[in-house]
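Participant: Handing you a structure now.
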């Protein structure tokens, strides 16, 4: 996992060791030794002009020189050298100026990795350029500088700048450009560092397609390209040709051997000629960039993972603007500063009007270009003290520091709207986009999140009252949201403080009326609204995310209760508890583990729990749903498909997902005894389930004749008022103690009044 | 304690009878008597070719060597002082252990070089040159004992490797001084040396196996070595290295001021350098409280990535088993004639006295009754593949078959 950072680091050590030597022979010997050490190879050899000039790995004075030269100059990946058996061989060529080779060999046949090959190539090139070179010291210094920047984990941009500058200094060309693939659009290269270009030139060639310009050609060729008459080349970049560039050469920057960018030098002097050494110099610097990129990728992940993650986590990769998290942080700071200095903070919430039309009509690339340009204009039209951010999608926001009046804030919103008046190039078309702006002005103790939400609410008001304008937030706009928040807060409190309870409804074997399980149903004892049934608050919990702690509590409590019943001998040892699981819970990472932990906490076997999942979860039919269901199934718990028959999808998921029980929706059961159609449907469902080896459970059974009919068609399980309403645990315990609930026509039990 | 005498090894393969290895140990306080007792016990046949001596630093050294000379006159000898001695009957702190090798199936040559600080590589190459004097037997090893306080010990490996090449494994360790970290001593043919390298080139008809393991694991996030010179580390992540070290590892208060307490803490908290095949462990020998730097026993390259590491008794003992098993495996099925163990002092720090006894017992069990001689080192040498061969915090086991 360290291969790339390892390589960059080894090259830095190699350069330092070679640079520290006093004469050329010592440099060559150090180079061979360090190359072998870096690659953990027993043998290293350097061949120049067909002669072995340095080696390591054989007794001094007894080096098999002929054999080493022969192996170094051949291309075979393995060789026999001396009498130690087979060696894996890695070589890198360089010219100084005759063909020369740096070779390392490792005992055994395990081949060298690609990163190792890249490292040896980089070492050989440095060697080739520095031996016998008057510029050796300068070259080594420049390279050492770059390597230090890489090793010190300087920002990638600094390393790229050092590479462009070093290339400029060593080759003396007037223009240097370094491009890397646009991570968001791999068909484009973006200019990342330049020397000798003015702002206008940079703007003109900031992005170019792979294949355009000499850098693009070097990428396509995956090798060095030299143009002696720049403008005559078909893919020359017009702004560069027009500027009068005469000669140029470009080398690819690679990642894992694949071109990911280019390093280009160019000259306005028509007589400029690139010697072999100069060509190799460019390749060496391009390789430095390759190493820096590879290093940045791996070391980032490894070494300063937190920093990097923080940076990435705080910026929008497309526009480079702060993202929502950083925006909120800045807003919090601005509010804190404002409270100390008695000034006021405002927030603009900006939403592009009809962005979807651009995105859908012109493509995502065009949409991205539009967003990038909007971001740029937004950043330009706010003061340096203000923070512009992209919150996501086509939503942007600005913190305006020290802006506390409607007039100032509306003026700022106006500037934003004006900045968007000029057409924006998106793909092949110039488009004019409008925006709607919501304005919120902090008052007293407004919190950051609240202020942003206020601005959001105002933005929707702006959008509703005709696009392209701005609206200042007023309290009444928020009243609805506040109501909702209050409800969420109360529910959260109830989860934490025992304001919830479970009622249980018996599930019986239709054959003999014996209770085989209970379904746990959550109730909320609301302080002002009384006992609430799930349909009165579960939907809201799903929206707010409170479903997760809610579901966790329900499962734990149900397990606890069942275990208590079992311990007290009240429940049959096979009695199970059925618990409803929402889509949000199911997709929560670690859900299966939470189920396993609840079971083990209460000492229950997996067979004691059935998880009920509504059909809508299945209808989503994603791979993730399947994974999560199988994870539960693997625990040994059973899965019941709730409300069967009310969904819209095909029945294919019954085969794909590991369901054990089908719960036939009450709507099919209501008239099962009197309407032939309903009976036929119920019958078909039972047959289908039997064919798939599933149990069927009839929901909402209320009359004896329903029971008779359901038995006839082969349905196995049932629940409903006929057998018992959902009741508090104390009441249900009495029922469970009985041998059987009414198996034949008998009056419904009155177990309690709560439904 | 009585000297231990190990029976000669009349072991199955007929050629094995051409080699013998004997062992002796003494805990007598008088250095001359101790040397004579241990060497006399080891030298069980007349044709001894090499004595390997590991002695507690508490002995008066010249007298000790005189005693050895009394009992084994004229037999080539290399040895060193220790930070504790190892033998099959247990670890010790105030003993001398001697292993004697002999028989026609062996050939040995010894050499030494002193005042090596500024010329470690050349000095090591000079010592390794004694290989030219060894008769040709199919299995070879160069045993090196050096002074870990003399500089970057990878240079010792480089120098020897230049001379003997990939065909000869290198093995050995850095002498100790009972953790005083002041001066260590090397022995060669009756001479007491310091700041020296001594070596024995050994060629044998029997196989020679080497195993090594460290058993450490890294702690927390890696750091960048932002400034170092050779084996001294000045900054990590651009912060003073000592401060990073103390704070990231939550070092006890006394280790923040007292050099001895620091060393005591540091032996169980080495540095790990990222290498191609994993991490290379660096023993932190001391701290400079003035310039806030850390002193290691071998080079820590600037620009490298490093971790702090830690170990516990389980991981260190697991490494013991693995190192022994690897050495035995390399004997190709032959039973061992003897083990020589070079065990880092830092592992001793992790194991404690009880654990140490367990470790040595395990080594002895792997040796299956064959003698074991070894010592607690300030750095270990084992080059069996690749070029690098200097280790820290590692157990190196040399098995003679």
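Participant: Would you tally the residues in segment B:224-237 being in contact (Cβ under 8 Å) with a residue 60 or more places away in the chain and within 12 Å of chain A (Cβ to nearest Cβ)?
Facilitator: Here the count works out to 8.
Participant: Collect the residues in segment A:75-116 that are over 21 Å from residue B:383 (Cβ atoms), within 14 Å of another protein chain (Cβ to nearest Cβ) and part of a strand (DSSP E or B), keeping them in residue-number order.
Facilitator: A:79, A:80
Participant: Which is modelled with pLDDT of 90 or more and either away from chain B (no Cβ under 13 Å) or over 15 Å from residue A:124 (Cβ atoms) (or both), of A:53, A:32, A:18?
Facilitator: Of the residues listed, the single one that is modelled with pLDDT of 90 or more and either away from chain B (no Cβ under 13 Å) or over 15 Å from residue A:124 (Cβ atoms) (or both) is A:53.
Participant: Still on this structure: Given the criteria over 30 Å from residue A:606 (Cβ atoms) and surrounded by 17 or more Cβ atoms within 10 Å (Cβ to Cβ), does residue A:675 qualify?
Facilitator: Against the criterion (over 30 Å from residue A:606 (Cβ atoms) and surrounded by 17 or more Cβ atoms within 10 Å (Cβ to Cβ)), residue A:675 does not qualify.
Participant: Right, next: Quick one: is residue A:482 crowded, with 23+ Cβ neighbours inside 10 Å and either in a helix (DSSP H, G or I) or at pLDDT 80 or above (or both)?
Facilitator: Against the criterion (crowded, with 23+ Cβ neighbours inside 10 Å and either in a helix (DSSP H, G or I) or at pLDDT 80 or above (or both)), residue A:482 does not qualify.
Participant: Residue under question is residue A:235, and the condition is that it be over 30 Å from residue A:447 (Cβ atoms), in contact with a strand residue (DSSP E or B) (Cβ under 6 Å, 6 or more places away or on another chain), at pLDDT 90 or above and surrounded by fewer than 19 Cβ atoms within 10 Å (Cβ to Cβ); does it hold?
Facilitator: Criteria not met by residue A:235.
Participant: Between B:397, B:387, B:372, which is modelled with pLDDT under 90 and in contact with a helix residue (DSSP H, G or I) (Cβ under 8 Å, 6 or more places away or on another chain)?
Facilitator: Result of the check over B:397, B:387, B:372: B:387.
Participant: Right, something else. Just checking, does segment B:202-215 include any residue being away from chain A (no Cβ under 14 Å), under 19 Å from residue B:305 (Cβ atoms) and modelled with pLDDT under 95?
Facilitator: Yes; the residues of segment B:202-215 include at least one that is away from chain A (no Cβ under 14 Å), under 19 Å from residue B:305 (Cβ atoms) and modelled with pLDDT under 95.
Participant: Could you list, ordered by first residue, the pairs with Cβ atoms under 7 Å in which the first is in segment B:293-311 and at the interface with chain A (Cβ under 10 Å from one of its Cβ atoms) and at negative phi and the second is part of a loop (DSSP other than H, G, I, E, B) and surrounded by fewer than 24 Cβ atoms within 10 Å (Cβ to Cβ), at least 6 apart or interchain?
Facilitator: Listed pairs, sorted by first residue: B:299/B:152; B:299/B:230; B:299/B:231; B:305/A:303.
Participant: Determine which member of the set B:325, B:313 is over 22 Å from residue B:175 (Cβ atoms), surrounded by fewer than 23 Cβ atoms within 10 Å (Cβ to Cβ) and touching a helix residue (DSSP H, G or I) at 6+ places or on another chain (Cβ under 6 Å).
Facilitator: B:313
Participant: Among what's in segment B:230-241 and is surrounded by fewer than 17 Cβ atoms within 10 Å (Cβ to Cβ) and modelled with pLDDT under 85, pick the residue that is farthest from residue B:305 (Cα to Cα).
Facilitator: B:230
Participant: Consider residue B:157 carefully, then state whether it is assigned to a loop (DSSP other than H, G, I, E, B) and either without any contact (Cβ under 8 Å) to a residue 60 or more places away in the chain or within 12 Å of another protein chain (Cβ to nearest Cβ) (or both).
Facilitator: No: the conditions fail for residue B:157.
Participant: Turning to a different aspect of this structure: What number goes with the only condition from (1) surrounded by 20 or more Cβ atoms within 10 Å (Cβ to Cβ); (2) away from chain B (no Cβ under 14 Å); (3) at pLDDT below 90 that residue A:72 does not pass?
Facilitator: (3)
Participant: Ok, one more. Can you tell me which of (1) away from chain A (no Cβ under 14 Å); (2) assigned to a strand (DSSP E or B); (3) farther than 30 Å from residue B:397 by Cβ is the one residue B:221 doesn't meet?
Facilitator: Only one criterion is unmet by residue B:221, namely (1).
Participant: Only helices (runs of 4 or more DSSP H) wholly contained in segment A:175-272 count here; list those with 3 or more residues that are in contact (Cβ under 8 Å) with a residue 40 or more places away in the chain.
Facilitator: Answer list for segment A:175-272: A:213-221.
Participant: Could you list, in sequence order, the residues of segment A:56-69 that are part of a loop (DSSP other than H, G, I, E, B) and at the interface with another protein chain (Cβ under 7 Å from one of its Cβ atoms)?
Facilitator: If the condition is that a residue be part of a loop (DSSP other than H, G, I, E, B) and at the interface with another protein chain (Cβ under 7 Å from one of its Cβ atoms), then A:57, A:58, A:59, A:60 are the ones that fit.
Participant: Now a separate question. For segment A:618-643, enumerate the residues that are at pLDDT below 80 and in contact with a strand residue (DSSP E or B) (Cβ under 8 Å, 6 or more places away or on another chain).
Facilitator: A:618
Participant: Would you mention how many residues in segment A:429-443 are out of contact with any strand residue (DSSP E or B) (no Cβ under 8 Å at 6 or more places or on another chain) and in a loop (DSSP other than H, G, I, E, B)?
Facilitator: Qualifying residue count, segment A:429-443: 1.
Participant: Just checking, does segment A:306-321 include any residue being within 14 Å of chain B (Cβ to nearest Cβ), in contact with a strand residue (DSSP E or B) (Cβ under 9 Å, 6 or more places away or on another chain), modelled with pLDDT under 80 and buried (at least 19 other Cβ atoms within 10 Å of the Cβ)?
Facilitator: no
Participant: Among the residues in segment B:356-372, are any in contact with a strand residue (DSSP E or B) (Cβ under 9 Å, 6 or more places away or on another chain), part of a loop (DSSP other than H, G, I, E, B) and within 14 Å of chain A (Cβ to nearest Cβ)?
Facilitator: There is no residue in segment B:356-372 that is in contact with a strand residue (DSSP E or B) (Cβ under 9 Å, 6 or more places away or on another chain), part of a loop (DSSP other than H, G, I, E, B) and within 14 Å of chain A (Cβ to nearest Cβ).
Participant: Would you check which residues across segment B:161-187 are within 14 Å of chain A (Cβ to nearest Cβ) and without any contact (Cβ under 8 Å) to a residue 40 or more places away in the chain and list them?
Facilitator: Those that are within 14 Å of chain A (Cβ to nearest Cβ) and without any contact (Cβ under 8 Å) to a residue 40 or more places away in the chain: B:163, B:164, B:165, B:166, B:167, B:168.
Participant: Exactly one of (1) surrounded by 22 or more Cβ atoms within 10 Å (Cβ to Cβ); (2) within 24 Å of residue A:368 (Cβ to Cβ) is unmet by residue A:218. Its number?
Facilitator: Residue A:218 satisfies every listed condition except (2).
Participant: Return yes when residue B:391 is within 19 Å of the chain's Cα centre (by Cα), within 14 Å of another protein chain (Cβ to nearest Cβ) and surrounded by fewer than 24 Cβ atoms within 10 Å (Cβ to Cβ) and no when it is not.
Facilitator: No.
Participant: Listed residues B:148, B:190; which is in contact with a strand residue (DSSP E or B) (Cβ under 9 Å, 6 or more places away or on another chain), at positive phi and more than 14 Å from chain A (Cβ to nearest Cβ)?
Facilitator: None of the others qualify; the one that does is B:190.
Participant: Is there a residue being closer than 30 Å to residue A:110 by Cα, within 14 Å of chain A (Cβ to nearest Cβ), touching a residue at least 40 places away in the same chain (Cβ under 8 Å) and assigned to a strand (DSSP E or B) anywhere in segment B:280-292?
Facilitator: yes
The values are calculated or read from the model by the stated rules, or taken from the named source; none is laboratory data. Everything quoted here is computed from the prediction, not taken from an experiment. Every residue, glycine among them, receives a Cβ derived from its backbone with ideal geometry; neighbour counts consider all protein chains shown.
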